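Here is the structure we will look at, set down as structure tokens.
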Amino acid sequence: MIDDVNYMTPEGFKKIADEMEFLARIERPKTVQEVSDAAAQGDRSENAEYIYGKKRLREIDRRLNFLSSRLKNVQVVDPKTQSGDKVFFGATVVTEDEDGNTRTWRIVGVDETEPSEGKISWRSPLGRVLMKRRVGDTVTVQKPTGDAIEHTLLEIRYE
């Protein structure tokens, strides 16, 4: 089912894989050693280093489990292999809103969104309405405030 697939760009996949590698190979072993050293000091109930270390280990393990679950049903889609005159995952689009403001957006996976950098999820309100649209199409997006704003699609490219 399409909802089970976690689409991701190669850059997004690499970012998650790199974070997992860092946590598993560097951060976790370092924290395990710190906890072991703190435990060797004696009374663990009053040992702040030990208590903090155990808490940090739980946080690392929780993050590793979360990242692992995000990669479970991942499908990496390289925008460079895409083409066409419709908006699909990985497209970079230029839109103009009803006030005449233009903005460039890249349609990315849910784990890669950075609206301040122009990266929006394919599941976001704007991302959803842009999917399968062509240059010249106008779409309406509901804002969280309840207002609607129109965007006209000016350009589509895959890079």
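The values are calculated or read from the model by the stated rules, or taken from the named source; none is laboratory data. Since this is a predicted model, take the numbers as computed values, not measurements. Note that we place each Cβ from the backbone using ideal geometry, even for glycine, and neighbour counts take in every protein chain shown.
Does segment 116-135 include one or more residues that are in a loop (DSSP other than H, G, I, E, B), farther than 24 Å from Val5 by Cα, touching an Asp or Glu at 6+ places or on another chain (Cβ under 9 Å) and in the same structural domain as Ala91 (by TED's automatic domain parsing)?
The answer is yes; a qualifying residue exists.
Considering segment 65-91 alone, what residues qualify as being within 21 Å of Asp4 (Cβ to Cβ), part of a helix (DSSP H, G or I) and in contact (Cβ under 8 Å) with a residue 24 or more places away in the chain?
Passing the criteria: Leu67, Ser68, Arg70, Leu71, Lys72.
Table: residues versus (1) over 22 Å from Lys15 (Cα atoms); (2) out of contact with any helix residue (DSSP H, G or I) (no Cβ under 8 Å at 6 or more places or on another chain).
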{"residue": "Val93", "(1), (2)": "yes, no"}
{"residue": "Glu98", "(1), (2)": "yes, yes"}
{"residue": "Thr102", "(1), (2)": "yes, yes"}
{"residue": "Val108", "(1), (2)": "no, no"}
{"residue": "Ser116", "(1), (2)": "no, yes"}
{"residue": "Lys119", "(1), (2)": "no, yes"}
{"residue": "Trp122", "(1), (2)": "no, no"}
{"residue": "Val129", "(1), (2)": "yes, yes"}
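Out of (1) assigned to a helix (DSSP H, G or I); (2) within 30 Å of Trp122 (Cα to Cα), the odd one out for Ser36 is which?
Among (1) assigned to a helix (DSSP H, G or I); (2) within 30 Å of Trp122 (Cα to Cα), Ser36 violates only (2).
Take the conditions free of Cβ contacts under 8 Å to residues at least 60 places away in the same chain, more than 24 Å from Arg133 (Cβ to Cβ), out of contact with any helix residue (DSSP H, G or I) (no Cβ under 7 Å at 6 or more places or on another chain) and surrounded by 12 or more Cβ atoms within 10 Å (Cβ to Cβ) and apply them to Lys14. Does it pass?
yes
Output the residues belonging to segment 57-104 that are within 30 Å of Val35 (Cα to Cα), surrounded by fewer than 14 Cβ atoms within 10 Å (Cβ to Cβ) and not charged (D, E, K, R).
Correct list: Asn65, Phe66, Ser68, Ser69.
When the residues of segment 127-158 are narrowed to those that are loosely packed, with under 12 Cβ neighbours inside 10 Å and closer than 13 Å to Phe88 by Cβ, which ends up farthest from the chain's Cα centre (by Cα)?
Applying the filter and picking the extreme gives Arg134.
If you check Ser116, Ser124, which single one turns out to be under 15 Å from the mean Cα position of the chain (by Cα), surrounded by 13 or more Cβ atoms within 10 Å (Cβ to Cβ) and modelled with pLDDT under 95?
Ser124
Counting just the residues of segment 1-33 that are touching a strand residue (DSSP E or B) at 6+ places or on another chain (Cβ under 9 Å) and outside any helix (DSSP H, G or I), which one comes out nearest to Ala91 (Cα to Cα)?
Thr9
Quick check: is even one residue across segment 29-40 buried (at least 18 other Cβ atoms within 10 Å of the Cβ), under 28 Å from Pro79 (Cβ atoms), of a type outside the set (Phe, Trp, Tyr) and outside the structural domain of Ala91 (by TED's automatic domain parsing)?
Among the residues of segment 29-40, not one is buried (at least 18 other Cβ atoms within 10 Å of the Cβ), under 28 Å from Pro79 (Cβ atoms), of a type outside the set (Phe, Trp, Tyr) and outside the structural domain of Ala91 (by TED's automatic domain parsing), which makes the answer no.
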